[in-house]
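Following: one structure in structure tokens, then a few remarks.
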Amino acid sequence: MSGPRGAVGGAAEWEAPITVAELVNGGPLAGARMYGAGESPVHQVRIVDELAVFSSVAPHTAVVLIGAAASGGWAVEMAMRRAWEQAAACVIAPVGAVGAGSSAVLSDRLGITLVFVTADPLVTAVEVASAAARPAAARTQLVARCATRLAEAGASARRVLGVLNTELPGTSVAFVDETGTRLAGRAAALSSGAASGGTAVPASGLAGRDPAVPASGLGGRGPAVHPAGLEGRGPAVPSSGPAGRGPVAQSSGIVGAWPAEVVVRGPAGEVLGRLVAGGPARSAGWPSVVRTVLELAVAPLAAWAATERLAAAGDFALQSALAERLLSEAASGSENLEDAAGSEVPGSLGGLEASDASDVPGNLGGLRDSAASDVPGDLGRYDDPDGSEVPGDLGGFDGCDGPVGPDGFDGAEGSESPAGSKGGSGARLSGGAGALGAPSGSGRLRGGRPGRRADDRRAGEGVWARAVALGWAVRGPVSAFMVRPSGWTADRQDSPRAGEVIAATLGGAPVVRRGDGWAGWSALEPGELAERLGACLRALPWPCAAGVGTPVTGLRAVGESLLGAEAAAFLAGSGRVARSDRLGPAELLAAIPGGVLRAPATVVLRPLMAADREGTLLETLGAVLSEGGAVRAAERLGVHRNTVTARLERIKEVGYDLDDPATRLALHLAWHVISKG
Amino acid sequence: MIGREDLPVLAAGSRLFATGAAESSFQLAVDWAGAVLDTPVELVAAGDLPPGTLCVAVSLVGSTTALGEQLPEGQEPARAVRALERRLGRRAGAVVALNLAAENALLPLIAAASLGLPLVDGDGSGRVFPLVEQTTYTLGGVSSTPLALAGPSGELVLLETAPDRVEETLRPVVLSFGGWGLAVCYPMEAAELARVLVPGTVSLLLEAGRPGAPRSVAAPYGVRRLCEGRIVAVEGSSGHGADVTLPSAPSSIVVEESEGLGRLVRLEAHNEIVLALADGAAVAMAPDQICMISSADGVVVDVDKASPGMRVEVLVLRAAPAWHTEQGSALGGLRAFGVPL
Amino acid sequence: MILGVAPGRSSTTVAVVRHGVLAWWRAYDGALLPARDGESLPASARASAGSLGNGPAEADLGEVRAACVAVDLDDVRAAPVAAIRVGGPCPPALGPQVTHPRGLATIVRGGHSLTRRPLAPLDAAAVRAFAAGCGLADFAVTATGSPVLADHELAVAELIAAEVPGARITLSYEFGRPGLRERERQAMLNAALRPEAERLADAAASWLEGIPLYFARSGEGLVSAHYFRRYPLICREGATAAALHGAHALPGPHSGRAVSPGPMGKTEAAPTGPADRGRGSVAVSPGSVAGAGEGGGFPPDVVAAFGAALAGPLAEVERIVQARGRAELDRALADARDEALTRVVSAGAAPGSARIGEVTVNPLSYLPDGLYRVRVTAAGTTP
């Protein structure tokens, strides 16, 4: 835990030069205000007190301005220009050297990252130099800190994701299920197309927005830097300055897989989901660091799943209630889902997201917040006050003028605190220090107007996440099943035991009381499901029958599948499993008490049976009606086609008009009844 | 000859590139000049004067705001010139300008008219510098002292000190006068003046001030347009709304170019604009003169009147060749304004 | 509901504005406007102006929150002014410029430098002698340095008041501008406008009895009638300014605001008073919304009346302050803010509504020891 992990990333990646963004995101410049993408690697540090020194500044140097070189806007701007000409990594200036507004614009134009620090620039220089000299050590420090924070977070998906998103600033982490649906964390993690699965929750509106890059405060210009996969930038034409406003052309130099992704397995080794980290990969080393940290989070997440499962396993009522909720909410659509979940599930993940977005000190937390919350349309205007979190602009918001300190962070994020446990809304509205995110806080809006955003399902993530923790299928094709007692009536007390056995044999499935039996659903393919249910029937202490419904596309349609499963279970004999997609006349007829039809069947067939002493005519009739034709009937009977034709002639002679559909149906039914005996 | 009828033209010409010209004081100077121009003033080339003629330079020292508030009693030019004459033991034979910006183009004319002396066609700057010793006269080795300073309440001070101490000694005196004084300085003979003068600049103003004349006529060594754009920020000198920052003498005006490359142009001002950066690269600096012209009305925008949202054209006037020597840029270049570049 | 009132030469236009929308307007026969220079208003006109009292007031008197008058004063009859300048001697060309044939001016010793240094003790005797002997009642006082220190102007005002009971005294520092001659010119102009401004305010007050009365400023905003009586100069181009704002807000090429869709003019809420004198006397017929061009084709007076009714009280303070360091400057700014707030309340703003608009601080060039020009505007709403 304290060193580079060869298993995760090559040592070379850990030794890759540290980038400006890494320095700001988790390194010695943590808390500094950064303008620009900070993708450039830092090879060394140079303290500059006069501009003349620039001529000897090497590429990839972090330039720390002091003295005359930091003596005002003009000095900083000239330094940025010279830094750009020398392909320096960044310019670090003391805060207050210049009004941030115009320098941010110039940073944007030149593509030179500008960092304002509050600490003594000389001290900063030493720390940056140390990190630049030993990048692996610097990264290891970050990993170690993450490990500590993860340990403190304990077994809670919400807190684990909170820690990941806080400690990996600039990178968005989400926990997604197997289909790529986000269960917790930030949508931004998926917005770069990172998730390999489909995204049922679209990260729409985020395309092209890089939440991690602060927008400049002036002129409404968007971030000039594109997310992910960018490193380095060639100086533009020095004589004329960079043309245009757009991002400077980049060359991709990122090593290693990005976005980072690790699989999270449940207690039984089954796949619970994946942790996906996205956003700009700001250095060759960053993906390795992120992957290492994600791996650190696997254990707490698995533990969380186990805890959830343990808590629910013995409690049929709880499981059942959860399953019922999922069913009804899935069926009734997203808005109700959101509403109900928001009011019932404590501290829904949506709230966490808003609050941990707002706690990033000195980083444009507000912007990130608004980007991550992908608030469409009219809510967008709430973004603006925060988006312009350039110092000085915050003056209008009482109590919001400054990076939120540790107190504010804990208040908003700490799920165990009373405020936090009410979800994002309560925490933000009441917490003064934590109020930075409030103007744009999606949590607040969600709390105030449930059901406002049609595409938002995150408020329900509490339910969904817990379902996943229990190993339940919540997305993609599912099939319903039904187990019902045959020949006896189940009692309320029987349910926990039935549920236990069913869940165990199916490998984690929701079980609810339904009719006179128990129903549920599973992602297993119908054949497999039927087979497991067979095992289940054998394991149950009572005689039961089971049915499997037709696979449907998702939980929303599971009701339809359940109808089939109920029918199939009803038709299946004791100890047997029937599939609704395989139901034929036999299964249907099986459902009809035999005695009822035997008399009429006999009446229908009596003339034939009288003429058919050997029984060949009856056998031939059955084969022809079942197979739909003489040729196949001949094959089935193992006789020549002419033989069948001859026998059919004899049947017709007895008086049956086989060309009449009604006669055929009556004969077919009667044949089934009689031949089944 | 410059008569009353030429006054509006000279006044217009003197404002084409002049900053720091408060409306009140300028109008005052025009009215004052109008009152004393009963007989026209003779405009002469320095070389046309008898070489031994004693010439004195006339300039306002201090604040134009103060001049507009505390009016001259009218005898300032005469008192100062007479004092210098007494000190030197010779009569002055001609008056010359220190520079030709706004009031400073008119005060030498007023002095010449009041004393019945000719006005030399030229000045000691070719542009405007804030300090008395920032002149081509100094560059040519002429001392600004002895210097006579007359104040509006009858004050008169004769200053004799090393030239590089003049400004320092003068400032508190000027303040004690109430904020302004009229200085008569750089006594020198016509032959010497002809050597150190930026010649012909008064004539140029008379030409450039005529209606319809292009502005560039007033720039003897050329003018170029740096950019046209909108002021997006004024840092350091003024505040709007609740958060007023303490004004400091240096201030910065940020102009966003509205055409071409859309560069960000920062104008660094220390009483006047001394440095222009385009995207961080120095594109103009003192001793050349940088000024903002309002796109709305074509009037020079004072540094302390600049405010975000204004559309301006930024022009750069090339300074006289004397300023582009090593000695010249030491005296009137960036470092003279406290910019360590 | 707010009334906009545009006094014309022969008629007076009243616009009823509800929630920023022009709801109704009408032109009444008769003039509120004082006479032009050199002409006297016909007695009949005055009389009819007085009888307008039954006009718009009766429509919805209880509802009317304020009446805002938009008037240009540039050609009203100017009164002869006695101007006193406090300062040193100067060339005659720079002395006080008396424009009225019966006007008088003098320069007395006194005043302060921009650095607050007294230039000379105030020559009180000279002030008294001039005031007693000039035979005029409208005074304009301008002291050197009054934007920094107004002591001598205030002292002169006391001396005048003692010598000339009932004198109308304008002090230049109220206009704030640095530049002695400009300030003096403004003070003299203001003093010259005051008698006619009082008459206009009286006429409007009696016609619109009981309704709080405001006047449109040149530029933007309103001041109370009380303020207008003392500082008519700041409303000198009130109608022009109001017309500009009104045209901007009316439908038209530059439309920003809708006119109430309901019927306009006499058909709806025609006042009963003027109707008694016959509709034929209405100088300008109430119009419809139809029409192109700026102001939507409304008569200019309607546009001005409408524009005036859209504004709120506004006042400004301009000073030169001396401050060494941040703390002193903050204190000076706080003083200027307080004064601006006080002024805007005095200009008719509801006390609770007064707020600071813009604060501008500029250091004065070449005066390195902490002199700043401070300008503060304050705005509010009508009660």
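Taken together, the values in this text are just the output of simple stated rules run on the coordinates, not laboratory data. Since the model is a prediction, treat every value here as computed from it, not as a measurement. Here the Cβ is made from the backbone with ideal geometry for all residues, glycine too, and neighbour counts use every protein chain on show.
Computed from label points 7 Å out along Cα-Cβ, the spacing between B:Y221 and C:E158 is 5.8 nm. Relative contact order of region C:314-379: 48 percent, from C-alpha pairs under 8 Å at least 6 residues apart in sequence. For region B:69-176, the alpha carbon positions stretch 34, 32, 31 Å along the principal axes, listed from largest to smallest.
Taking the average, over residues, of other Cβ atoms within 10 Å as the packing measure, peptides B:37-44, C:105-112, A:323-330 rank C:105-112, A:323-330, B:37-44 from highest down. Mean partner shielding of peptide B:256-268, defined as the number of other chain Cβ atoms within 10 Å of each residue Cβ, is 4.
Pairwise Cα distances in region B:4-212 exceed 30 Å for 10 percent of all pairs. Per-residue mean of foreign Cβ neighbours for A:78-86 is 3 (Cβ atoms of other chains, 10 Å radius). Packing, taken as the mean count of other beta carbons within 10 Å per residue, orders the peptides C:334-340, C:194-200 from highest to lowest as C:194-200, C:334-340. Given an 8 Å cut-off on Cα distances and at least 6 residues of separation, report the relative contact order of region C:163-224 as a percent. Over region C:163-224, the number comes to 19 percent. Once Rg and the Kirkwood radius are both taken over the C-alpha atoms of region C:314-379, their ratio Rg/Rh works out to 1.05.
In whole percents, the pair-distance distribution calculated for region C:126-261 from its alpha-carbon pairs, binned every 10 Å from zero, is 12, 32, 30, 17, 6, 3, 0. Between A:T663 and A:L563, the C-beta separation translates, for a Förster distance of 30 Å, into a calculated FRET efficiency of about 0.35. Computed over region B:223-337, the Cα gyration tensor eigenvalues convert (square root of 5λ each) into semi-axes of 23, 17, 12 Å, ordered from largest to smallest. Counting only other chain Cβ atoms within 10 Å of each residue's Cβ, the peptide C:80-90 averages 3. In region A:594-676, Rg over Rh equals 0.94, where Rg is the alpha-carbon radius of gyration and Rh the Kirkwood radius from pairwise Cα distances.
Other residues lying with their Cβ under 14 Å from the Cβ of B:A83 contribute a combined charge of +2, Lys and Arg counting +1, Asp and Glu -1. How much net charge surrounds A:S486 when only the other residues with a Cβ under 13 Å from the Cβ of A:S486 are counted, with Lys and Arg +1 and Asp and Glu -1? Every neighbour counted, the sum reads +1. From helices alone, chain B scores -7500 deg cm²/dmol at 222 nm; the rule is -39500 (n - 2.57) for each run of n ≥ 4 DSSP H residues, then divide by the residue total. For C:H19 and B:E23, the FRET efficiency from 1/(1 + (r/R0)^6), where r spans their Cβ atoms and R0 equals 51 Å, is about 0.80.
Ranking of B:H270, A:H640 by neighbouring Cβ atoms within 10 Å, starting from the fewest: A:H640, B:H270. I'd like the FRET efficiency for B:A296 and A:V263, computed as 1/(1 + (r/R0)^6) with the beta carbon distance as r and R0 of 56 Å, rounded to 0.05. For R0 = 56 Å, the calculated efficiency reads 0.30.
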